[in-house]
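One structure is given below, encoded as structure tokens.
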Amino acid sequence: MFSKKVGVLVLVLVLFSLNTFAANLTPAYEWLNSQKPTDIYSSAWAALALSEVNGGNSLIQYLENQKDPADCWPKGSCKPKETALVALALSKSGKNIDKPLDWLKSHQDITLTGEWLLQIKTDSNGQCDITYTTTQAATKKINVDKGFITSDKCTTPSTFFNLGSCLEQNLLLTKAALEFDLKCTFSGEISSVYRDAGIYFLNDDVITGNQAKIKINNGNFGSYEDTLITNWILEELNPDVNSLIYLRKNFRENDVKSNAFLYIITQKQNYINELSNLQKTDKSFGNVFDTAIAALALDDSQHQAQIDQLREWLDLQQDNKDFSWNKNILDTSVVLYSAYPNDGIDLGESSLTPQTTTTLETSCDEDNICDINSGEDYLSCPLDCFCGDSVCDSSESPSSCPSDCESISTEEETKEELEEEPEEEPEEETKEERSFGFLWFLLIAIILGVIGFLAYKKLPALKSKSQPKERPTFVLPKLVESKKTEFKGPIDLLKPIVKVKSIKSKVEEDLEKSLREARKLLEK
């Protein structure tokens with residue numbers, strides 16, 4: 001019984017030690033910081049994650065050198081999602097992002113085909129001036145009679161006034177975002193709604209008074225997911241544009257990213273409730289990317305249990321050799337930025353100066369030759385320098401581009417490693433390894449200590465119980481009796497009983513013979 005209890009205790013302690021395993025974050029950041037950029041989107045995520053730990057300078061250089069002359073990304077084929085993410089990463093590094101934000105505002109698609117309606121709840125009569133700007137400022141008058149609204153273009157009274165057609169024809173088909181400034185001669189409750197196929201979406205909060213500003217956001221940024229991510233970033237950067245009506249109209253109820261990003265943008269409880277219900281039995285939210293995004297939204301004390309659970313799942317997904325997630329930049333970046341705190345981690349890079357970037361931009365002559373003597377490398381001149389060009393430039397290494405750098409002599413490799421890898425890094429890794437070894441040693445010591453303590457506590461009882469159990473085993477009365485009664489058995493087997501009897505009768509005969517002879521002597 002005692003041994004069973006000890007076994008259960010050891011099992012519990014081992015399982016506990018496994019459940020408390022945490023992701024190894026410092027080498028994960030170091031792995032990410034050493035990776036060669038491959039595309040704008042993943043590089044922007046990596047720069048965003050590394051900006052939190054004072055790293056990612058090479059990625060910022062790469063992103064700035066990939067900027068299109070129109071202040072968007074990537075060069076030659078600008079896209080809203082990539083441009084927004086780069087803008088967020090640059091803002092974290094202290095860069096000015098006004099021009100990228102202006103590009104985003106001016107590059108929205110207009111795909112909503114419903115009606116934008118004005119409502120004014122009032123018991124009064126009067127007029128309102130509505131001012132807005134398309135190519136130039138314009139002011140229109142509307143008449144209000146106890147909530148029924150008319151204008152020069154729409155003479156039939158209605159409690160729903162169409163802003164897209166009753167002020168001027170197709171007004172909202174030409175602008176993705178338009179602001180209306182209302183000033184009325186009476187007070188009321190002013191609001192706007194979007195109506196599409198009989199479904200109404202409240203556009204903004206109801207404003208009580210005689211003045212109101214109504215912002216119509218009629219645009220989107222390409223696909224639903226691109227629009228979702230771009231709006232999350234725009235919310236982070238606090239601009240005055242969004243695509244909330246488009247996102248709500250096309251909302252994906254069982255989609256992790258939809259609920260996570262819309263909760264971050266709107267802080268509406270229904271989104272976070274739905275997101276909580278999407279956690280799977282294995283504690284994940286489907287894949288590494290979605291699980292990390294869920295962590296970004298659930299990051300509050302109310303959902304700490306779910307955060308702990310999804311981190312346990314992410315712990316198990318981390319590669320135990322290079323410490324990445326799925327061996328790719330995107331997943332590793334999103335996990336590090338969204339799912340784990342980075343307290344105390346500092347990669348020690350200083351921020352780039354504007355002069356450094358200017359030098360890098362002017363060093364590329366785009367002649368399809370990687371000229372390392374003039375300072376060209378993959379980061380500053382990706383059109384001339386790339387992995388596979390048979391030139392090992394300063395941004396490449398044997399690990400990131402073996403085809404270009406494996407031919408370097410042993411001496412040069414050693415020198416490069418000494419220059420690129422500070423002496424402290426191996427010491428840090430050794431300390432981490434020692435810390436893990438110490439934890440395992442401590443765990444084993446605790447287990448042995450518990451076992452020893454329990455054994456000590458049980459020892460008197462074991463001694464008192466051991467003697468009665470041993471006595472019948474070795475000195476059983478029955479065994480002694482059986483041994484005495486059956487002692488002749490083995491002898492009988494060695495010497496037949498007949499022979500024993502014959503020896504006994506001869507003695508008797510001799511005795512009788514002696515007695516007979518004695519009698520004869522007496523008779524004489």
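The values are calculated or read from the model by the stated rules, or taken from the named source; none is laboratory data. Only a predicted model underlies this, so the values are computations on that prediction, with no experimental measurement involved. Cβ placement follows ideal geometry from the backbone for every residue including glycine, while neighbour counts extend to all protein chains displayed.
Tabulated data
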quantity: Selected residue (criterion: surrounded by the fewest Cβ atoms within 10 Å (Cβ to Cβ)) from residues of segment 205-224 that are without any contact (Cβ under 8 Å) to a residue 60 or more places away in the chain and within 20 Å of Ser258 (Cα to Cα); calculated: Ser223
quantity: Subset tally (residues that are in a strand (DSSP E or B), over 51 Å from the mean Cα position of the chain (by Cα) and on the phi < 0 side of the Ramachandran plot) for segment 117-128; calculated: 3
quantity: Odd one out for Gly344, checked against (1) at positive phi; (2) assigned by TED's automatic domain parsing to the domain that holds Leu32; calculated: (2)
quantity: Ala197 in the same structural domain as Asn143 (by TED's automatic domain parsing) and under 16 Å from Leu112 (Cα atoms); calculated: yes
quantity: Flag for Leu101 being in contact with a helix residue (DSSP H, G or I) (Cβ under 8 Å, 6 or more places away or on another chain) and over 30 Å from Asn170 (Cα atoms); calculated: no
quantity: Any hit, segment 220-229, residues being within 30 Å of Gln304 (Cβ to Cβ), touching a Ser or Thr at 6+ places or on another chain (Cβ under 8 Å) and either of a type in the set (Phe, Trp, Tyr) or at pLDDT 95 or above (or both); calculated: yes
quantity: Given (1) farther than 25 Å from Arg195 by Cα; (2) surrounded by 18 or more Cβ atoms within 10 Å (Cβ to Cβ), number of the condition Leu296 does not satisfy; calculated: (2)
quantity: Odd one out for Ile245, checked against (1) among the aliphatic types (A, V, I, L, M); (2) over 21 Å from Ala292 (Cα atoms); (3) touching a Ser or Thr at 6+ places or on another chain (Cβ under 7 Å); calculated: (3)
quantity: Test for Lys153: is it in a loop (DSSP other than H, G, I, E, B) and free of Cβ contacts under 8 Å to residues at least 24 places away in the same chain; calculated: yes
quantity: Selection within segment 127-148 - closer than 14 Å to Leu182 by Cβ, surrounded by 16 or more Cβ atoms within 10 Å (Cβ to Cβ) and touching a Ser or Thr at 6+ places or on another chain (Cβ under 6 Å); calculated: Ile142
quantity: Yes/no for Tyr246 being part of a helix (DSSP H, G or I) and touching a strand residue (DSSP E or B) at 6+ places or on another chain (Cβ under 8 Å); calculated: yes
quantity: Residue within segment 230-238 that is of a type in the set (Ser, Thr, Tyr), surrounded by 15 or more Cβ atoms within 10 Å (Cβ to Cβ) and assigned to a strand (DSSP E or B) present; calculated: no
quantity: Tally, over segment 88-116, of residues that are surrounded by fewer than 17 Cβ atoms within 10 Å (Cβ to Cβ) and assigned to a loop (DSSP other than H, G, I, E, B); calculated: 5
quantity: Lys183 more than 23 Å from Tyr200 (Cα to Cα) and among the charged types (D, E, K, R); calculated: yes
quantity: Subset of segment 85-136 [modelled with pLDDT under 95 and basic (Lys, Arg)]; calculated: Lys92, Lys95, Lys105
quantity: Test for Ser191: is it part of a strand (DSSP E or B), at pLDDT 95 or above and surrounded by fewer than 16 Cβ atoms within 10 Å (Cβ to Cβ); calculated: no
quantity: Failed item, numbered, when Leu173 is tested on (1) touching a strand residue (DSSP E or B) at 6+ places or on another chain (Cβ under 9 Å); (2) touching a residue at least 12 places away in the same chain (Cβ under 8 Å); calculated: (1)
quantity: Residues that are farther than 19 Å from Gly286 by Cα, crowded, with 16+ Cβ neighbours inside 10 Å and under 21 Å from the mean Cα position of the chain (by Cα), drawn from segment 244-268; calculated: Ile264, Ile265
quantity: Residue within segment 244-251 that is of a type in the set (Phe, Trp, Tyr), closer than 21 Å to Gln302 by Cβ and assigned by TED's automatic domain parsing to the domain that holds Val334 present; calculated: no
quantity: Residues within segment 161-174 that are surrounded by fewer than 18 Cβ atoms within 10 Å (Cβ to Cβ) and either outside any helix (DSSP H, G or I) or β-branched (Val, Ile, Thr) (or both), tallied; calculated: 5
quantity: Pairs where the first residue, in segment 313-339, is crowded, with 20+ Cβ neighbours inside 10 Å and the second is acidic (Asp, Glu) and modelled with pLDDT of 95 or more, C-beta under 8 Å, 6+ apart; calculated: Ser324/Asp331; Trp325/Asp319; Trp325/Asp331
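Table: residues versus (1) assigned to a helix (DSSP H, G or I); (2) crowded, with 23+ Cβ neighbours inside 10 Å; (3) of a type in the set (Gly, Ala, Ser).
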{"site": "Lys36", "(1), (2), (3)": "no, no, no"}
{"site": "Ala47", "(1), (2), (3)": "yes, yes, yes"}
{"site": "Lys67", "(1), (2), (3)": "no, no, no"}
{"site": "Lys81", "(1), (2), (3)": "yes, no, no"}
